[in-house]
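Reading through the structure tokens given below for one structure.
Each reported figure results from applying straightforward, stated rules to the coordinates on display, with no laboratory input. The model shown is predicted, which means the values in this text are computed figures rather than measured ones. FYI the Cβ positions are ideal-geometry reconstructions off the backbone, even for glycines, and counts take in every protein chain you see.
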Protein chains: 2
Amino acid sequence: MAELLAGHGYRITGPRRAVIDAVVGRARPFTAEQIVAELKRVAPELGRATVYRTLEILASVDVLSRFLRADGHPAYIVGVPGHRHHLVCSDCGTVVAFTRCPVDDLVRDLSRDTDFAIQGHLLEVFGVCPECRDEPPAIAPS
Amino acid sequence: MAELLAGHGYRITGPRRAVIDAVVGRARPFTAEQIVAELKRVAPELGRATVYRTLEILASVDVLSRFLRADGHPAYIVGVPGHRHHLVCSDCGTVVAFTRCPVDDLVRDLSRDTDFAIQGHLLEVFGVCPECRDEPPAIAPS
DNA sequence: GCAACAATTGAGACAGTGTGTCAACAACAC
DNA sequence: GTGTTGTTGACACACTGTCTCAATTGTTGC
């Protein structure tokens, strides 16, 4: 991952390694602030801005991808570069990426009907994953 | 619009009227902060929290609908209740709502393939409207 | 019209998620 | 080892809200 940064002309620094270490191997999505909090424990001198900047860089080189959670807050997940969308579990945060994009046809039609020059779109699907669905809720419904 | 509020058991108050006045008749989307700024001029005593609360109430009774702009920030637009999506001009902010939702098929397939219990989705399309496209940019490209 | 009640308000503190600045530092090329 | 320049950490600031709480106001019943 570090080499990938170097390949893009970014320097390999201690703080960046720390962020990469904190991020690599995560299957679940995470927010920038989660990484900040975690690194505060192992490397208290590491600044908040550095974490934000590094995550941004990692996303820009497609090591991470950024997406919106159900509450509208941004989060990151390792991998899944390219044109993908996400199916996000509202309960545990598990993300399933999918490449099938049903918007293409729609975009063509919208473009024709409205004469807009379509630039992009945002599609996120929210639901509850099988694990969370099977688990009984912490507080039993009355 | 005020009667609609009353119909839902909300009181018709001065501040709420002011917010409704500021909002009604707008064809373009607006952010809560825009309304706050505008009302600051005509009714400086009106609080920020009140504007946020009132917009939220108006959205809850389907007088407004809330959506995300291209930059991820929330905005409101008058009307368009129900299941709609938005095509947003990244330049002037014009919104075109559309009801056609290509996600239904996808949701069914995703649900089958991933075993998620799909709850909802977020779809916004971004582009440049014909007016903005025809206008020469303020700073000529070099 | 008036009083009582409860909803609503305004002010301001606080939170989450970033961005911008700037002097000090450190990675890298030589 | 040195010089250059990208990077860092600290911190201020911005935006978009949410929350609290005493004061105010709309509404209802008389």
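The table for this structure:
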item	result
Extreme residue, positive dipole direction of the stretch A:2-134, given options A:Ile77, A:Cys89, A:Gly127 (C-beta unit charges)	A:Ile77
Charge-dipole axis of the protein assembly as shown as Lys and Arg at +1 and Asp and Glu at -1 on Cβ define it, positive-most pick from B:Ala59, B:Gln34, A:Pro102	B:Gln34
Burial ordering of B:Thr50, B:Thr31, B:Thr99, fewest other beta-carbon atoms within 10 Å first	B:Thr99, B:Thr31, B:Thr50
Beta bridges per DSSP with both ends in the stretch A:2-134, % antiparallel, nearest 5	70
Chain A - Cys residues lacking any other Cys C-beta under 4.7 Å	A:Cys92, A:Cys101, A:Cys132
Residue among B:Ser111, B:Thr13, B:Thr50 farthest towards the positive dipole end of chain B, charges placed on Cβ	B:Thr13
Compactness index (Cα Rg / 2.2 N^0.38 Å), the stretch B:2-134	1.22
Helix-only CD estimate at 222 nm, as mean residue ellipticity for the protein assembly as shown, using -39500 (n - 2.57) per DSSP H run (n ≥ 4)	-11500 deg cm²/dmol
All-pairs alpha carbon distance profile, the protein assembly as shown, 10 Å steps from 0, percent	6, 21, 26, 28, 16, 3, 0
The stretch A:80-130: antiparallel DSSP beta bridges as a percent of all, rounded to 5	50
Magnitude of the charge dipole, the protein assembly as shown, Cβ model with Lys/Arg +1 and Asp/Glu -1, debye to 20	780
Averaged over A:89-96, number of beta-carbon atoms from partner chains that fall within 10 Å	2
Rg ratio (alpha-carbon, reference 2.2 N^0.38 Å) - the stretch A:33-72	1.28
Nearest-20 debye value, the stretch A:2-134 charge dipole, Cβ charges on Lys, Arg, Asp, Glu	540
Förster radius 35 Å - calculated FRET efficiency between A:Ile57 and A:Thr99 (Cβ-Cβ, nearest 0.05)	0.90
